[in-house]
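Colleague: The following block contains the structure, expressed as structure tokens.
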Amino acid sequence: MRSSLLSLHHAAETISTTDKHLFDAARLEVFRVMTLGISGFDTPASPGTVPEAAEALAAVQATLAPYRPQLLARQPHLATRLDSTFRAIQTFLGHHPDAANFDRLRFLVAYANPLSQQLWAAQQALGIPAFKEVRALRPDAASLFQADAFEVAAFAANTTARPTQQQINLGRQLFFDPVLSGNGSRSCASCHHPTRAFTDGQAKSVAFGGRGQVARNAPTLLNAALQRNQFHDGRVSFLEDQAAAVVANPTEMHGSLAVVARLLTRNSNYRRAFAAAFAAAPDSGVQEDQVKSALAAYLRSLISLNSPFDTYMRGEPEALGAAAQRGANVFLGKAKCATCHFLPLFNGTVPPGFERSEAEVLGTPAQASLHPRTLDRDLGRGGATGIRWQQHAFKTPTLRNVAVTAPYMHNGAYRSLEAVVDFYNQGGGAALGLRVPNQTLPSDKLHLTTQEKHDLITFLQALTDTTGLGHSAPRSLPQFPTELSWLNQRKVGGRY
């Protein structure tokens, strides 16, 4: 603690604080309270969650108090409304100090979300610009729940190069083209069906050539761009590397990007499309990096943040029924889901900076059972890093569209949300009798009632947004010249 405070003290001596810094920090603190504070992530099992939120937001108000006279002169109605919101927050938090019974959803909707929006409005009214840097959560985001709050480019290796529509369209074509595979029969879409929210409904996908199964469950690709690492074990950071690894994997696509690039160069339609998408000479050959970049561009376009829950948070109360609202409070409170599946992305990418994605050890059994015999043998992140305490750790996946992406867990062991909720309610693998000395999931029972479990699942169903996915696939694939005519039998989306 002393070391950290000393570091902050030295840093403060070299930083020139501006109006922009203060307003930026104020909104980030509101976002932190919304995502980590009231969920208990910052203070696990602490009964002081609500009073701490009150103190944090009182500090925000005190920090910005010197700006009040100027705001009052420029926009008196906004200044009055902001004062009223701060007072209302303290009144609400003061009247509901019990963390166990705190209405977190109401706090978010009626108090915290309006506060962040009013702070941004005040910053604009005072003529204080937002930072121009590329961040995961955009510096000009007034709310965590606005449709364009996140900057996908911030999760890429090159944060200044945003995918063009031509690159996205080309990547979409490639995603559904079996030419990427070693035998010209399997595409990315073979295991990631748009109509299944880019999963395949299998515990583990059929391996290349129909020989067995792949190592892990096929995760959804929706919002995959909004996380800091890829694959269940988080072994790569960027979507370009994920695409290359899947193509080369002998049990998945058993292909070669070098071979694919040569084949695509032989196709005049693809050659022209790549030249146009990457501003290259019309007759230049297709490059391996361009194939990866095009696929990644398409994956970064698969952003789905318009579920009923999002609509509710944007001011339409009829979008979320009573059971889902109760379930949201179970999710944010008693069930402790939000301490790993952070708002608003519902994955393990930690707010408010969204700079890292967390992995957890759950003690997932080899087979779904409340009396399991064996822990799943997959070492997960520990297998990728060689670090012993990371054995059986897996990236915290998104819960968006979870109602349509069964089965669950890295091994597809659980086929229903009811079974998953029961697993967590019991306390994970360690509580079920498995030896998991490094389990990060608390092994305490949650003691959820039947009604609470039902409401929780109803809320999870309200995170579904698959609008328009049924029209993702192209109608046809580019044809190859006569000497490669065997490729002209390939099917859009490949064969499974």
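The values are calculated or read from the model by the stated rules, or taken from the named source; none is laboratory data. This is a predicted model, so every value here is computed, not measured. Backbone-built Cβ (ideal geometry, glycine too); neighbour counts: all protein chains shown. Only protein heavy atoms, including side chains, enter the accessible area calculation; ligands, DNA and RNA are left aside. Shrake-Rupley method; radii C 1.70, N 1.55, O 1.52, S 1.80 Å.
Colleague: Can you give me the C-alpha center-to-center distance between segment 249-273 and segment 121-183, rounded to a whole angstrom?
Modeller: After rounding, the separation between the Cα centres reads 27 Å.
Colleague: Please turn the phi angles of segment 279-284 into ³J(HN,Hα) values with the Karplus equation 6.51 cos²θ - 1.76 cosθ + 1.60 (θ = phi - 60°), one per residue in order, whole Hz, x for glycine and proline.
Modeller: 6, 10, 5, x, 9, 6
Colleague: For segment 35-169, what relative contact order do you get, as a whole percent, if you take Cα pairs closer than 8 Å and at least 6 residues apart?
Modeller: Values: 114 pairs, mean separation 25.0, N = 135.
Answer for segment 35-169 is 19 percent.
Colleague: Over all directions, what mean area does the Cα convex hull of segment 315-366 project, stated in square nanometres?
Modeller: Computed as one quarter of the Cα hull surface, the answer is 5.4 nm².
Colleague: While we're on this one: Check each of the chymotrypsin sites (Phe, Trp or Tyr not before Pro) in segment 94-137 and keep only those in coil by DSSP with at most 16 other C-beta atoms within 10 angstrom; list them in order. Intermediate results must be reported in sequence, preceding the final value.
Modeller: Details: sites: Phe102, Phe107, Tyr111, Trp120, Phe131; in loops: Phe102, Phe131.
Within segment 94-137, the qualifying chymotrypsin sites (Phe, Trp or Tyr not before Pro) (loop, at most 16 other Cβ atoms within 10 Å) are Phe131.
Colleague: Here's a follow-up. With N set to the residue count of segment 10-73, report its C-alpha Rg divided by 2.2 N^0.38 Å to two decimal places. It would help to have the intermediate numbers written out before the result.
Modeller: Working: Rg = 14.2 Å, N = 64, 2.2 N^0.38 = 10.7 Å.
Its radius of gyration relative to the 2.2 N^0.38 Å reference: 1.33.
Colleague: Considering only protein heavy atoms and a 1.4 Å probe, what is the carbon-and-sulfur percentage of the accessible area of segment 433-496? Write down the numbers at each step before the final one.
Modeller: On the way: 1960 of 3910 Å².
That fraction is 50 percent.
Colleague: Along its three principal axes, how long is segment 189-245 when you only count alpha carbons? Whole Å, largest extent first please.
Modeller: 31, 23, 17
Colleague: Do the alpha carbons of any pairs in Lys395/Lys445; Lys292/Lys453; Lys292/Lys395; Lys204/Lys336; Lys204/Lys453 sit beyond 31 Å of each other, and which pairs? Spell out each step's value before the answer.
Modeller: Working: Lys395/Lys445 22 Å; Lys292/Lys453 42 Å; Lys292/Lys395 23 Å; Lys204/Lys336 28 Å; Lys204/Lys453 27 Å.
Long pairs (Cα-Cα over 31 Å): Lys292/Lys453.
Colleague: Taking 37 °C and 0.692 mPa s as the conditions, I'd like the Stokes-Einstein D for segment 302-406 in µm²/s, using the Kirkwood hydrodynamic radius from alpha carbon pairs. Intermediate values should be presented prior to the final figure.
Modeller: Numbers: Rh = 15.9 Å.
Reported coefficient: 206 µm²/s.
Colleague: Also, I was wondering about something else. Report, to two decimal places, the Cα Rg of segment 355-496 normalised by 2.2 N^0.38 Å (N = number of residues). Walk me through the numbers on the way to the answer.
Modeller: Values: Rg = 20.3 Å, N = 142, 2.2 N^0.38 = 14.5 Å.
The reported ratio for this selection is 1.40.
Colleague: Mean projection of the alpha-carbon convex hull of segment 278-346 over all orientations, in nm²?
Modeller: Values: hull surface 30.1 nm².
Spelled out: convex hull of the Cα atoms, projected over all directions, averaged, 7.5 nm².
Colleague: For the Cα atoms of the chain, what angle does the longest principal axis make with the long axis of helix 322-332, in degrees from 0 to 90, nearest 10?
Modeller: 90 degrees
Colleague: Still on this structure, I have one more. In whole angstrom, and with the biggest value first, how far do the Cα coordinates of segment 32-159 range along each principal axis?
Modeller: Extents along the principal axes: 44, 41, 22 Å.
Colleague: Let me ask something additional. Using only alpha carbons, build the gyration tensor for segment 361-444 and give me the equivalent ellipsoid semi-axes, biggest first, whole Å. Walk me through the numbers before you get to the answer.
Modeller: Details: eigenvalues 76, 50, 25 Å².
Ellipsoid half-lengths, sorted descending, are 19, 16, 11 Å.
Colleague: Might you tell me the accessible area per residue for the chain, computed with a 1.4 Å probe and given in Å²? Please list the in-between numbers first.
Modeller: Working: 22480 Å² over 496 residues.
Per-residue value: 45 Å².
Colleague: May I ask for the net charge around Thr35, where only other residues with Cβ less than 12 Å from the Cβ of Thr35 are counted and Lys, Arg are +1 while Asp, Glu are -1? Display every interim value, and only then the final one.
Modeller: Values: positive: Arg32, Arg104; negative: Glu29, Asp42.
Residues close to Thr35 contribute a combined charge of 0.
Colleague: In addition: Can you list the equivalent-ellipsoid semi-axes of segment 174-220, largest first and in whole Å, using the square root of 5 times each Cα gyration tensor eigenvalue?
Modeller: With the √(5λ) rule applied to segment 174-220, the semi-axes are 17, 15, 6 Å.
Colleague: Tell me which trypsin sites (Lys or Arg not before Pro) from segment 344-436 have a DSSP coil assignment and no more than 13 other beta carbons within 10 Å of their own. Spell out each step's value before the answer.
Modeller: Values: sites: Arg356, Arg373, Arg377, Arg381, Arg388, Lys395, Arg400, Arg415, Arg435; in loops: Arg356, Arg373, Arg377, Arg400, Arg415, Arg435.
Passing sites in segment 344-436 are Arg356, Arg373, Arg377, Arg435.
Colleague: Please state the relative contact order of the chain as a whole percent: Cα pairs under 8 Å, 6+ residues apart? Intermediate values should be presented prior to the final figure.
Modeller: Values: 872 pairs, mean separation 85.5, N = 496.
It comes to 17 percent, rounded to a whole number.
Colleague: Which distance in nm do the two modelled labels at Thr450 and Thr159 give, with both placed 7 Å along the Cα-to-Cβ direction?
Modeller: 5.1 nm
Colleague: Rg to Rh ratio, segment 339-395, alpha-carbon atoms and Kirkwood radius?
Modeller: Values: Rg = 13.5 Å, Rh = 12.6 Å.
Rg/Rh: 1.07.
Colleague: Output the direction-averaged projected area (hull surface divided by four) of the convex hull of the alpha-carbon atoms of segment 101-190, in nm². Each step should come with its number before you reach the end.
Modeller: On the way: hull surface 40.4 nm².
If you wrap the Cα atoms of segment 101-190 in a convex hull and average its projections, you get 10.1 nm².
Colleague: Which of the listed residues, Ala473, Pro344, Ala393, is farthest toward the dipole's positive end in segment 337-496, when Lys, Arg count +1 and Asp, Glu count -1 at the beta-carbon?
Modeller: Ala473
Colleague: In whole angstrom, how far apart do the alpha carbon centroids of segment 283-310 and segment 312-386 sit?
Modeller: Centre-to-centre distance over Cα atoms comes out at 25 Å.
Colleague: Rg over Rh of segment 62-131, using C-alpha atoms and the Kirkwood radius, what does it come to?
Modeller: Values: Rg = 13.8 Å, Rh = 13.1 Å.
Expressed as Rg/Rh, it is 1.05.
Colleague: Diagonalise the Cα gyration tensor of segment 212-284 and give the resulting equivalent ellipsoid semi-axes, square root of 5 times each eigenvalue, largest first, whole Å.
Modeller: Working: eigenvalues 159, 55, 18 Å².
Taking √(5λ) for each Cα gyration eigenvalue gives 28, 17, 9 Å.
Colleague: What whole-number value in cubic angstrom gives the convex hull volume per residue for the C-alpha atoms of segment 397-463?
Modeller: Given the Cα convex hull of segment 397-463, per-residue volume reads 91 Å³.
Colleague: Rounded to the nearest 20 Debye, what is the dipole magnitude of the chain about its Cα centre when Lys and Arg each give +1 and Asp and Glu each give -1 at the C-beta?
Modeller: On the way: 47 positive and 38 negative charges, 212 e Å.
Rounded to the nearest 20 debye, it is 1020 debye.
Colleague: Segment 421-496: Rg/Rh from Cα coordinates, Kirkwood Rh? Before the final figure, lay out each step's value.
Modeller: Numbers: Rg = 23.9 Å, Rh = 17.6 Å.
Looking at segment 421-496, the ratio lands at 1.36.
Colleague: Okay, next question. Using 7 Å Cα-to-Cβ label points, what is the Asp148/Leu6 separation (nm, one decimal)?
Modeller: Those two pseudo-labels are separated by 4.7 nm.
Colleague: Out of the trypsin sites (Lys or Arg not before Pro) in segment 457-493, which ones are loop residues according to DSSP with at most 15 other C-beta atoms within 10 Å? Don't skip to the answer; put the middle values down first.
Modeller: Values: sites: Arg475, Arg490, Lys491; in loops: Arg475, Arg490, Lys491.
Here the sparse-neighbourhood loop sites are Arg475, Lys491.
Colleague: What Kirkwood hydrodynamic radius, in Å, does the chain give when the mean of 1/r is taken over all pairs of distinct Cα atoms and then inverted?
Modeller: On the way: mean 1/r = 0.0407 Å⁻¹.
Kirkwood hydrodynamic radius for the chain: 24.6 Å.
Colleague: Shifting gears a bit: Just the ratio, please: alpha-carbon radius of gyration of segment 239-393 over 2.2 N^0.38 Å, N its number of residues.
Modeller: Values: Rg = 22.1 Å, N = 155, 2.2 N^0.38 = 15.0 Å.
So segment 239-393 has a normalised radius of gyration of 1.48.
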